[in-house]
1. Looking only at the stretch 449-490, filter to residues that are hydroxyl-bearing (Ser, Thr, Tyr) and touching a helix residue (DSSP H, G or I) at 6+ places or on another chain (Cβ under 7 Å); which one of those is farthest from Glu169 (Cα to Cα)?
2. Is the stretch 431-441 home to any residue that is assigned by TED's automatic domain parsing to the domain that holds Thr545, at pLDDT below 90 and exposed (fewer than 14 other Cβ atoms within 10 Å of the Cβ)?
3. For the structure I just gave you, tell me whether Leu594 is assigned by TED's automatic domain parsing to the domain that holds Arg436 and either without any contact (Cβ under 8 Å) to a residue 60 or more places away in the chain or β-branched (Val, Ile, Thr) (or both).
4. Those residues that are at pLDDT 95 or above and not small (Gly, Ala, Ser), I need them from the stretch 328-338; list them, please.
5. Regarding the stretch 487-497, can at least one residue be identified that is at positive phi and either in contact with a His (Cβ under 7 Å, 6 or more places away or on another chain) or crowded, with 18+ Cβ neighbours inside 10 Å (or both)?
6. Taking Ser232 as the residue in question, decide whether it is buried (at least 21 other Cβ atoms within 10 Å of the Cβ), touching a residue at least 40 places away in the same chain (Cβ under 8 Å), part of a loop (DSSP other than H, G, I, E, B) and more than 24 Å from the chain's Cα centre (by Cα).
7. Does Val70 satisfy the criteria of being in contact (Cβ under 8 Å) with a residue 12 or more places away in the chain and in contact with a Cys (Cβ under 7 Å, 6 or more places away or on another chain)?
8. Within the stretch 355-365, does at least one residue satisfy the condition of being over 29 Å from Asn299 (Cβ atoms), at pLDDT below 95 and either part of a helix (DSSP H, G or I) or touching a Ser or Thr at 6+ places or on another chain (Cβ under 7 Å) (or both)?
Amino acid sequence: MAGESAPGLFPDLSLPDQSPSTGLFCQVALNRPMRCQYTYAVPEHMAEGLAPGMRVAVPFAGRRSVGVVVGLTEGTDIPAKRIKSVSDVLDPGPLLAQELLDLTEWMAAYYACSWGEALAAVLPAALKREGGRRTTAMLVAEDGVGPEQLVQLEERHPKQYRLLRTLLEVDGMIERKDILRRLGLSDSPAKSLAKRGWVRVENVESAQDDLLGGDASDRTRPDTLTPEQDASVVALEGQLDRGTYATFLLKGVTGSGKTEVYLRAIEYALAQGKGAIVLVPEIALTPQTVGWFRARFGNVAVLHSRMTDVQRLSMWRRVHAGECRVVVGARSAVFAPVPDLGVIVVDEEHEPSFKQGNVPRYHGRDVAVMRARKAGAVCILGSATPSLESWVNAEAGRYSLLELSSRVHGGPMPKVQVVDMRAEIAEVKRSVIFSRALIRRLKEALARGEQGILFLNRRGYSPVLWCRACGETVTCNDCSSPMNLHKRHGRLVCHTCCGESLPPTDCPSCTAPGLRFLGAGSERVEALLEEQLPEARVRRMDSDTMLRREDYEETLAAFGQGEIDLLVGTQMIAKGLDFPRVTVVGIISADSALHLPDFRAAERTFQLVSQVAGRAGRADLEGHIVIQTVAPEHHAIVQASRHDFETFAALEMGHRKELAYPPFGRLIRMVFEDEDEERGKDRAQHCAEVLRAQVAGPGLQVLGPAPAPFSMVRGRHRVHLLMKVGEQFTGADRVRSLMLELAHETGKTRVQIDVDPVGML
C-alpha cells in the first residue's frame with residue numbers, strides 16, 4: 001500500500017531505485033482526511049469487471065476499510081513489497097458513474113477535503129461499510145415509565161433525564177441515531193436507560209418511507225400558463241433540445257407559479273428519456289413538494305436526512321436502477337445516482353440550509369450547477385429573492401434570467417403594514433409581543449374562517465435571562481451562548497450544545513436576586529396567542545415540536561385541512577408552503593437577525609421577511625402582512641415591505657463591492673478550536689503569519705486571527721481567520737493547498753476550513 005499524493009502537499013513516497021511493480025493496480029479513495037489516493041494490487045480473480053466507481057474492501061492502518069475505486073493502472077512505480085492487495089470487491093458493477101466521480105474530485109479540490117471525504121457525502125451510510133444493515137435501531141420508553149422515573153434522574157443523571165423526557169414526549173418509537181444527534185448525546189445515556197429497564201431498543205425492519213410525500217396532491221395540471229410562465233418553459237425546453245449544459249435563474253414573486261415551470265421542464269426531460277433532481281431547503285417542504293410531483297409523475301423518489309439508513313439505501317438503489325427517474329429531497333439529494341440526468345432544480349436557491357455544516361462543507365446550489373455542467377444537464381435556480389451571488393451571475397450573463405413578475409391568479413401582492421414596536425410600546429405603556437394591528441387582523445381572519453401564520457425565528461419561551469443589578473445575561477457554562485428558557489420543561493437550554501440547567505434564583509455573576517426573562521421565542525408566542533385568542537386552534541411548528549418525520553406531515557396536513565387556525569413557527573414555515581386560506585401573516589420580530597456580526601445579515605433579513613410575507617394571499621383571498629420591527633427605516637425592512645428585490649439588491653451590492661465581499665470576491669474561513677485558549681490562539685497566529693508570508697498580496701487579504709462571534713462551543717475556545725480573495729486574484733488553489741498543509745500539522749487544536757462560508761458565527 002502506498003499513497004499517491006496531490007502535488008506539493010506530501011512527499012513522493014515511491015522509491016525510484018527499486019523495481020516497479022507489474023499487473024493491475026487500483027487507486028482507492030478512503031474516507032480519511034488525507035488528500036491522497038492509495039494504490040492496491042488487484043488479485044487476478046478480482047480483476048475481471050473491476051471498474052472505477054465500485055467499492056472495495058482494503059487493509060488500511062491495521063484494519064479492513066471500505067473505499068471507492070477511482071482509477072486503474074497497468075503497473076506502478078511503487079515497489080511490490082510496499083503494496084498490499086485488495087481484500088474484496090463489494091459490488092458487481094459501478095455504484096457511481098464517471099460523472100459523479102468527476103464531481104466529487106472537483107469537490108475535493110474546491111472545498112479543501114479529500115476525495116474519499118467527498119465520496120462519503122455521495123454514498124448512503126449503509127454503503128460506507130461492509131454488509132450494511134437491514135434493520136434500524138429504534139428507541140421507545142417502556143410501558144409504565146413516566147414522571148416517577150424522571151424525578152429519579154433529574155438531578156443526578158441529566159443526560160438520561162433529557163433522553164427519557166424526550167422519548168415520553170414522542171410517545172412512540174424514534175430512530176436511536178436521530179434522537180441522540182438532536183439532543184447532542186452519545187450512546188451512553190441510551191445504554192444506561194436500557195440497563196435500568198426504562199427504555200427498550202428494538203431493531204426493526206425499515207419499511208419504505210411512504211409517509212413523507214406518500215399521497216399525491218389534488219393539484220391538477222393547468223390547461224394554460226401565464227405568458228411569463230410560457231416564455232420560461234419555452235426557453236427551458238429549447239435548452240433541453242440542444243442537449244447541453246446551461247443554468248437558468250428563475251426569479252418569480254411568491255405565488256407566481258415557479259413550481260409549474262419546474263414540472264413542465266421535468267415533464268419535457270422525461271419525454272426525452274432523461275431524469276431529474278429537485279432540491280428543497282427544508283424537510284418540512286418535502287411532503288407538500290413530493291405530493292405535487294407525485295401527482296404529475298407518479299413514481300417519485302424521496303431522499304432526505306430523516307429517513308433511516310435502510311430506507312435511504314432502498315430508495316437510493318431504486319434510483320440507481322432507473323426505477324425512479326424523478327428525485328425530490330433536501331441538500332444531499334444533489335448526489336442521487338439518476339441515470340441520464342436532464343434537469344436539476346434548486347428551489348429557494350438562496351437558502352443557507354443548502355450549505356453543509358461538516359466535511360465536505362459544500363454548497364448544494366453550487367454543486368448542483370457543477371453537476372449539471374458535468375452531466376450536460378439544465379440547472380434551474382428558483383427564488384423570489386435570489387442570492388446576490390446568483391443575481392450577479394445572471395446580470396453578467398453566466399446564468400440566463402427568467403422572470404415571473406405577477407401571481408398566477410392575477411391578484412395583487414399582499415398588503416404590508418410595518419409596525420414600529422418602539423412607538424407601539426410607548427403608546428400602550430408596557431412591553432408587548434403582539435401589536436394591536438396584528439391582533440386586529442388575526443381576529444378579522446378568524447371571523448371569516450381564514451387562517452394565519454405567525455413567524456418568529458427563535459424557539460423556546462424566552463431567549464435571555466438578565467440581571468438588572470449587574471447587566472449580565474446567563475450563558476451556558478460550556479458555550480458563549482445565552483441560555484434560553486423552555487417553560488414547558490422548566491429548564492434553561494443552550495441552543496448550541498443542547499445542555500440544560502434549572503433557572504437560577506440569583507445572578508451567577510453578582511448573586512443579586514430578581515433575574516428577569518426578556519424577549520420571546522415561538523413557545524411564548526404560542527402561549528400568548530392561546531391567551532389572547534382563546535377561540536383559535538393554535539399549533540407550533542419548530543424543532544422542539546417536530547421530533548419525528550411524521551410530525552411534519554401530520555401538522556401540515558392538519559393545517560391544510562383547516563383543523564388549525566393559526567400556525568406559529570420558526571424558519572421551517574417561512575418558505576415554499578402553499579395554503580390558499582392563509583390571509584394573515586405576522587412577523588413578530590423582523591429584525592432579530594439584522595444586527596448579527598455577519599455581512600449577510602441584511603440579505604438574510606430581506607429574504608426571510610419576503611418569503612414569510614409570500615405565504616399570504618396565494619389564492620383568491622386578499623392577503624395582509626404585519627411586520628413588527630424596531631428598525632423600520634432599515635433598507636432590508638423597507639424594501640421587503642415593498643416587495644422590491646431590485647432596489648434592495650442594488651443598495652446591498654453597493655456595500656459589498658466597497659468591501660470586496662461576495663459576490664465581488666470570495667471568502668475562505670479557518671476556525672481553530674481548542675480547550676486551551678492560548679494554544680488555539682498561538683496556532684491561529686502561526687497560520688496567519690505563514691499565509692501572509694507565502695500567499696498574501698494584491699487581491700488577497702488575511703484578516704485575523706480574532707475570537708469567533710461564538711467564542712466558545714462545548715468547552716472549546718474558538719478563533720478564526722478570514723481569507724478575502726478578490727476577483728483579480730488567481731492563486732486560490734495555492735491558498736487552499738497551503739491552508740490544508742497548515743491544518744494537517746500535528747497538534748491538539750482542531751482546524752476547520754470552510755470555502756465560501758455562508759455563516760460567520
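The values are calculated or read from the model by the stated rules, or taken from the named source; none is laboratory data. Note that the coordinates shown come from a computational prediction; the quantities given were computed from them, not determined experimentally. Counting neighbours? That spans all protein chains shown, and the Cβs are built from the backbone with ideal geometry, glycine included.
1. Residues of the stretch 449-490 that are hydroxyl-bearing (Ser, Thr, Tyr), as a first pass: 461-462, 473, 475, 480-481.
Checking which are touching a helix residue (DSSP H, G or I) at 6+ places or on another chain (Cβ under 7 Å) leaves us with 461-462.
Details: Tyr461: 18, Ser462: 21 Å.
Only one residue fits best here, namely Ser462.
2. Of the stretch 431-441, the ones assigned by TED's automatic domain parsing to the domain that holds Thr545 are 431-441.
Still in the running and at pLDDT below 90: 431.
Narrowing the set further to residues that are exposed (fewer than 14 other Cβ atoms within 10 Å of the Cβ) leaves 431.
There is at least one residue in the stretch 431-441 that is assigned by TED's automatic domain parsing to the domain that holds Thr545, at pLDDT below 90 and exposed (fewer than 14 other Cβ atoms within 10 Å of the Cβ).
3. Details: assigned by TED's automatic domain parsing to the domain that holds Arg436: yes; either without any contact (Cβ under 8 Å) to a residue 60 or more places away in the chain or β-branched (Val, Ile, Thr) (or both): yes.
Here the answer is yes, as Leu594 does meet what is asked.
4. Of everything in the stretch 328-338, those that are at pLDDT 95 or above and not small (Gly, Ala, Ser) turn out to be Val334, Phe335, Pro337, Val338.
5. Let us first name the residues in the stretch 487-497 that are at positive phi, namely 490.
Those left that are additionally either in contact with a His (Cβ under 7 Å, 6 or more places away or on another chain) or crowded, with 18+ Cβ neighbours inside 10 Å (or both): none.
No, the stretch 487-497 contains no residue that is at positive phi and either in contact with a His (Cβ under 7 Å, 6 or more places away or on another chain) or crowded, with 18+ Cβ neighbours inside 10 Å (or both).
6. On the way: buried (at least 21 other Cβ atoms within 10 Å of the Cβ): yes; touching a residue at least 40 places away in the same chain (Cβ under 8 Å): yes; part of a loop (DSSP other than H, G, I, E, B): no; more than 24 Å from the chain's Cα centre (by Cα): yes.
Taking the combined requirement at face value, the residue does not satisfy it.
7. Values: in contact (Cβ under 8 Å) with a residue 12 or more places away in the chain: yes; in contact with a Cys (Cβ under 7 Å, 6 or more places away or on another chain): no.
Answer is no for this residue.
8. no
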